[in-house]
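Chemist: A single structure is presented below for examination.
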Amino acid sequence: QAKNAGKNTVCFFDPALQEQIDHNLELSRGLRLALDYNQFFLEFQPQVDRKGALVGAEALIRWSHPELGLIPPNRFIPVAEETGLIIPIGDWVLRNACKQLQIWQTLSKAKHLTLSINVSSRQFAQSNFVEQIKACLNQYKIDPKRLELELTESMLVKDQNDVITKMLELSELGIQISLDDFGTGYSSLTYLKRMPIRQLKIDQSFVKDINMDLDSANLCDAIISLGHSLSLEVIAEGVETLDQFEYLAQRNCDLFQGYYFGKPSSADQLLKLIS
Ligand code: C2E
Ligand code: MG
Ligand code: MG
Ligand code: MG
């Protein structure tokens with residue numbers, strides 16, 4: 001009876017919050033089974049150069065749930081991170097990305113393609129992360145230059161020495177490191193100089209408003225200049241229109257990814273983009 005509740009009482013039953021918790025529990029139960037039941041699959045989104053030629057793709061995980069249908073990664077990756085299930089899931093992504101790269105290496109028209117995978121912070125923090133990558137590359141006989149790891153800025157500030165050691169080992173192997181969602185995270189830029197990063201990925205929130213909002217356009221310009229002044233490759237994500245592409249290309253952005261060039265799709269669909 002709320003009426004009788006004094007003004008110092010706390011209302012701790014929040015139905016919306018409870019629903020969220022129940023749903024997360026359901027998701028984490030489902031996630032445990034998803035690997036065994038083969039419910040994950042990868043989609044590949046094209047990355048193109050200034051001429052529009054396909055240079056690579058980003059692998060994006062999909063979960064096809066038997067009752068809930070297709071669940072977006074933004075919904076289940078955080079749950080997987082919380083529960084630790086991101087470790088076996090991340091391993092699955094790496095393995096399947098390597099399988100795909102192995103297939104591409106046998107096709108003359110696809111030999112040159114790179115494949116980026118998203119790495120979560122918990123995955124990167126594992127002490128044997130580099131060994132796992134090495135083992136997978138060896139098993140599938142992959143040219144390490146073809147594999148790119150997408151990290152986010154927030155992962156770089158945690159245990160800097162550990163991060164730098166791992167990055168150096170990875171780049172010695174020949175693996176490329178890309179900074180995803182660049183511009184949305186921590187503003188300290190000193191790590192760009194200290195870490196062997198090869199690519200900056202301009203966050204799609206800046207690209208989205210490029211032709212409508214001067215601040216967004218200026219931010220894109222600044223990221224491209226910053227990247228190039230450090231000899232980094234710059235890729236824009238979330239490019240949806242010709243106007244956005246033309247603006248970025250004119251500013252010398254190196255690579256592009258977004259619905260304008262292709263939505264995430266099957267590997268077969270991706271290869272149709274190569275003439
Ligand atoms: P992200 O790595 O920044 O990936 C880009 C997201 O933007 C993808 O969403 C992609 O489908 C979407 N996108 C691409 N082009 C456009 C565009 O032109 N317009 C719009 N509006 N969106 C575009 P998706 O596949 O839903 O993935 C969301 C996030 O989930 C990813 O963001 C990434 O952080 C995470 N994620 C996806 N796959 C994996 C994975 O295998 N492992 C981990 N750890 N995280 C993943
Ligand atoms: Mg690339
Ligand atoms: Mg990404
Ligand atoms: Mg991103």
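Chemist: Could you grab me the full set of residues in segment 103-128 that are of a type outside the set (A, V, I, L, M, F, W, C), surrounded by 16 or more Cβ atoms within 10 Å (Cβ to Cβ) and more than 14 Å from ligand 3 (Cβ to nearest atom)?
Modeler: Q105, R122
Chemist: Restricting segment 115-131 to residues that are in contact with an Asp or Glu (Cβ under 7 Å, 6 or more places away or on another chain) and more than 16 Å from ligand 4 (Cβ to nearest atom), which is modelled with the highest pLDDT?
Modeler: V130
Chemist: Out of N118, N96, report the one residue that is in contact with a Pro (Cβ under 9 Å, 6 or more places away or on another chain), within 15 Å of ligand 1 (Cβ to nearest atom) and within 20 Å of L60 (Cα to Cα).
Modeler: Only one candidate passes the filter, namely N118.
Chemist: Test of understanding: among S216, S178, which residue is within 16 Å of ligand 4 (Cβ to nearest atom) and either closer than 26 Å to P144 by Cα or assigned to a strand (DSSP E or B) (or both)?
Modeler: S178
Chemist: Filter segment 230-250 down to residues that are away from ligand 3 (no atom under 15 Å from the Cβ) and crowded, with 17+ Cβ neighbours inside 10 Å and give me whichever is nearest to the chain's Cα centre (by Cα).
Modeler: Restricting to residues being away from ligand 3 (no atom under 15 Å from the Cβ) and crowded, with 17+ Cβ neighbours inside 10 Å, the top hit is L232.
Here's the yes/no breakdown for (1) at negative phi; (2) polar (S, T, N, Q); (3) at pLDDT below 95:
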| site | (1), (2), (3) |
| --- | --- |
| D49 | yes, no, no |
| V55 | yes, no, no |
| I61 | yes, no, no |
| S64 | yes, yes, no |
| L70 | yes, no, no |
| N74 | yes, yes, no |
| E82 | yes, no, yes |
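Chemist: Here is a further query. State whether one or more residues within segment 169-186 are modelled with pLDDT under 95 and loosely packed, with under 13 Cβ neighbours inside 10 Å.
Modeler: Within segment 169-186 (the criterion being modelled with pLDDT under 95 and loosely packed, with under 13 Cβ neighbours inside 10 Å), the answer is yes, since at least one residue qualifies.
Chemist: Just a yes or no: is a residue in segment 239-250 within 16 Å of ligand 4 (Cβ to nearest atom) and touching an Asp or Glu at 6+ places or on another chain (Cβ under 8 Å)?
Modeler: no
The values are calculated or read from the model by the stated rules, or taken from the named source; none is laboratory data. Keep in mind that this is a model prediction, so the values were computed, not measured. In this analysis, Cβ positions are derived from the backbone assuming ideal geometry, glycine residues included, and neighbour counts consider all displayed protein chains.
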